[in-house]
1. Please count how many residues of the stretch 501-515 are polar (S, T, N, Q) and assigned to a strand (DSSP E or B).
2. Exactly one condition in (1) at pLDDT 90 or above; (2) of a type outside the set (D, E, K, R); (3) part of a loop (DSSP other than H, G, I, E, B) is not met by residue 776; state its number.
3. Tell me, which residue of the stretch 704-724 that is small (Gly, Ala, Ser) and in contact (Cβ under 8 Å) with a residue 12 or more places away in the chain is surrounded by the fewest Cβ atoms within 10 Å (Cβ to Cβ)?
4. Scan the stretch 115-122 and give yes if some residue there is part of a loop (DSSP other than H, G, I, E, B) and without any contact (Cβ under 8 Å) to a residue 40 or more places away in the chain, otherwise no.
5. Please give the number of the condition residue 781 fails out of (1) among the charged types (D, E, K, R); (2) over 21 Å from the mean Cα position of the chain (by Cα); (3) over 20 Å from residue 712 (Cβ atoms); (4) surrounded by fewer than 15 Cβ atoms within 10 Å (Cβ to Cβ).
6. Could you give every pair whose Cβ atoms fall below 8 Å, whose first residue belongs to the stretch 47-62 and is closer than 15 Å to residue 222 by Cβ, and whose second residue is of a type in the set (Val, Ile, Thr) and open to solvent by 40 Å² or more (accessible area, probe 1.4 Å), counting only separations of at least 6 or pairs across chains?
7. So, residue 90, is that one open to solvent by 20 Å² or more (accessible area, probe 1.4 Å), of a type in the set (S, T, N, Q) and not in a loop (DSSP other than H, G, I, E, B) or not?
8. Return the pairs, sorted by first residue and then second, in which the second residue is part of a strand (DSSP E or B) and hydroxyl-bearing (Ser, Thr, Tyr), the first residue lies in the stretch 72-94 and is more than 20 Å from residue 55 (Cβ to Cβ), the beta carbons are less than 7 Å apart, and the residues are 6+ apart or on different chains.
Amino acid sequence: MSQIYKDLKYALGTFLRNPGFTIAAVAALTLGIGATSAIFSVINTVLLKPLTYPDTDRIVQFHLDTPNGADYGGSPARFNVLRTQTQTFQDVAAYELSALGLSLTGGPYPEQIHAIHVTANYFRLFGASVSEGRTFSDEEDRPNGGDVVVLSYGLWQRRFGANRSIIGQSIAISGTPHTIIGVVAPGFNTELDTPPDAWLPFQIDPNSGDQGRYFSMVGRLRPGVTIDMANAQLALATKDFHQKFPNMAGPRDAFAVQPFQDAIVFNVRPSLLVLAGAVCLVLLIASANVANLLLVRATGRKREMAIRMAIGAGRGRIVRQLLTESLVLSLTGGALGLLIGMAGIRMLLAINPGNIPRIGPHGGLVTMDWRVLGFTIVVASATGLLFGLFPALDASRTDLNGPLKEGGRSGTGAHSNKTRSLLVTSEISLALILLIGSTLLIRTFVALRAIDPGLNPHNVLTLRMSLSGPRFERSSQVAGLIRDGVQRLEALPGVTRAATTYAVPLETMFGVPFNIVGRTPAGGRYDGRGWVAASPGYFDVLRIPVLRGRAFNDRDDGAGARVAIINEALARKFWPHGEPLGERIILGKGYGPEFEEPERQIVGVIGNVHNFGITNDAAPAVYIPIAQVTDGLTALAARASTLVWIVRTRGAPSRLSSGIQNELQQASGGLPVASIRTLDEVVSESNASSDFDTLLMSIFGCTAILLAAIGVYGLMAYSVAQRTQEIGIRLALGAEPSSIRNMMMAQGMRLAAIGIAIGLASSFGLTRLLDSFLFGVKPRDPLVFALAPALLGAIALLAVWLPARRVTHIDPVTALRSE
């Protein structure tokens, strides 16, 4: 123990006497280890931390395996089949994936609260305990089982002052009295992006054949049942579903389950793993940089090592001392990196969270815990051993005669030079891989900004309003509200046009199958198309061009002829050589009574809109007047979504937001609005994940370039210093300074060229891992593979030129007297 203390004391003293070296080494390690710890903290929170539910490994997510991928949408018909599988599953529950904005009226002020519909066993399956009262009974979860509500602990405290006597009292939710029966205990984590304020009973009809997919289905496996056993049992359930609903799923579609935690992070796992790989490259570059510094320093310490060995120190003792110094450096860099990395990642997540699940608002759940701390200690220790081993072994090979006879002079060491050259070449190749990857993502960033979304998002405000309740059960009632609201809004100074829909443009659409009158497709219908209900003025507000025919008008109401407008993508798919105007279609045939409606005539064709997000191609879509939606679909839309008001203004929408909200509250009789965003913000959120990946990869790429440039510069500067006497001899014999400078530059650029060649070859294979993250650019884009090496080569040339130019200022006499 005393020997370790002496080694540590000696190492600290050595570093204090060499502040320049210490600062350079610790800075490089802080960058590498800090970035690695930061990314791991996100991976730890999202992928590694277990869910807070009891027996998490037994909770699974249901989906339908299809040739086009997994379909996670739950419908009443699917749920009724799955919840009969009691031999395999202890519980099967349904819940809405996103919380709805429902109006809470009464009390001091109206507000929108976030609520989800859940089945009665939802709370039991996820292990939720209650602070007050109880959760739903099976009877309350059946159709017409009553209007009851369970509150979150936060809402109970904030709105009702934690009043225990509130249990059994009635509150008005979207105009309907609901009896409060319970309060969920604090700390219940729903793993939803928007934690709910309240839970309402789903009340799914056990005999329903409704195929509308608007919720999620989860189950808890019985003890001893594995995922494979469950999927084998679900094969029988698939046959049962096909028999009951022969046209509602493809012949190769099959029910399946996967661990619930995997389902939650399914979309972000590849992205986080790619970022983890990228940050590991940064760490390797930083390690190579510090190893080079240690090799240079070890060369200058050869006489010291020789003296220590001459007085009895063994080779193992020398190696241990030098590795101790490496570990001190790496642990110091790790401690600083952990602090800086955690602060940096929290700042980045606050600026751009990238739609990553489980991180909380603005990344608040990404914290330091024992996993992050342990990971950082292990990485720092391993890094110290990695970059310290070669210099330690090299220094311990010291020949006693040479350094002692040379006095203060140090030998060059061909082995050291080769090792340093190898490290610099590795740095350049790794830096090029990161540079190419980040450049590809930057090109994706640019390509996404160049996409025409099919509408004009500038100066458009979107607001959500919940319409559930008896006041808006029928389409005619909703249409009356819309007419009044639009008239009020368009009378406001600064508002040019207003309209409504049931889905925020660029975020999502409903999907229902359809039939073309006169055609009989295989399976009896065409697959589900995008379905958008919109009021007159919708296309004007968004400035979506009407290519042929007409837009909706005020005559397209519940009493008018049923009409529809399709987009160009659907027209090209089903009428590639014909004219769709005048053709008739039927929406939702066989999907359930809520969807059944008469034929509609196509009266217009509009331009394509990226309704499923900027990064997705414009999907075929059918638009219908919101006043002509069936009463059943209006009730379903009120249950599963909200009415979205879209308002175009002459100037910045934020200036008119307060007036718009006031007019809508007056039109609706006091209903609040929520989720108030400009359409520009919607576009930005659509690109958030791609932007986050691009930002981090760009930071990693720039860091890698900086470290590689420092490595090249350091090698060349040391080479010039090491060969000063040789250069003096050459100059004394008449050599031109410029020729010697060019010789030195050629030596450095030779290493850079080898590193660039290795990096290019490696990138051709590794960039395929980025394929799913790219848009508008190929993984082997020629422009990227030309520009990135050119940029790195130019930076390497500068790093080589700066020390090489010193040759021209060397005095031959002084050089000959050096060392």
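The values are calculated or read from the model by the stated rules, or taken from the named source; none is laboratory data. Given the structure is predicted, the values throughout are model-derived calculations rather than measurements. Counting neighbours? That spans all protein chains shown, and the Cβs are built from the backbone with ideal geometry, glycine included. For the accessible areas, the whole protein counts, side chains as well, though only heavy atoms, and no ligand, DNA or RNA atoms are used. Shrake-Rupley method; radii C 1.70, N 1.55, O 1.52, S 1.80 Å.
1. Total meeting the criteria: 2.
2. The single condition residue 776 does not satisfy is (1).
3. My answer is 717.
4. yes
5. (4)
6. Correct list of pairs: 60/227.
7. yes
8. Partner pairs satisfying both residue conditions: 72/216; 74/216.
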